[in-house]
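What follows is one structure encoded as structure tokens, with my remarks underneath.
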Amino acid sequence: MVLLGATITIDATAYSPPELAVNMGDTVVWINNDPFPHTVTSQAGRFDSKSIAPGESWRYKATRKGEYPYMCTFHPTMKGMLRVK
Ligand SMILES: [Cu+2]
């Protein structure tokens, strides 16, 4: 089976899983399960979801190899890492 994408949930002000590796071309989906908004913001400026409302999701197609640390601009302690192989 070929995994074409991956899902990261946002729960209790944390990304789960906090680190994820995907293949180039995969689509990654973040789902906000918290009752308040979050963002998924690349620290190097590669991507920025802007505000993801409660219950909403945001998807990003990983088109370039690399390591992309990201954070939530509303909660600076929220950090994640996306690796694109
Ligand atoms: Cu947040």
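Here is a yes/no grid of residues against (1) hydrophobic (A, V, I, L, M, F, W, C); (2) surrounded by 14 or more Cβ atoms within 10 Å (Cβ to Cβ):
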position	(1), (2)
Ala6	yes, yes
Trp30	yes, yes
Phe47	yes, yes
Ile52	yes, yes
Tyr60	no, yes
Met71	yes, yes
Gly80	no, yes
Lys85	no, no
May I ask you to list pairs of residues, at least six apart or on different chains, whose Cβ atoms are under 7 Å apart, with the first in the stretch 12-32 being aromatic (Phe, Trp, Tyr) and the second being open to solvent by 40 Å² or more (accessible area, probe 1.4 Å)? Trp30/Ser57; Trp30/Trp58
Selection status of Ser42, at pLDDT 95 or above, open to solvent by less than 80 Å² (accessible area, probe 1.4 Å), out of contact with any strand residue (DSSP E or B) (no Cβ under 6 Å at 6 or more places or on another chain) and not aliphatic (A, V, I, L, M): no
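The values are calculated or read from the model by the stated rules, or taken from the named source; none is laboratory data. These numbers were taken from a predicted model, which means no experiment stands behind them. Here the Cβ is made from the backbone with ideal geometry for all residues, glycine too, and neighbour counts use every protein chain on show. For accessibility, only protein heavy atoms count, side chains too; no ligands or nucleic acids. Shrake-Rupley method; radii C 1.70, N 1.55, O 1.52, S 1.80 Å.
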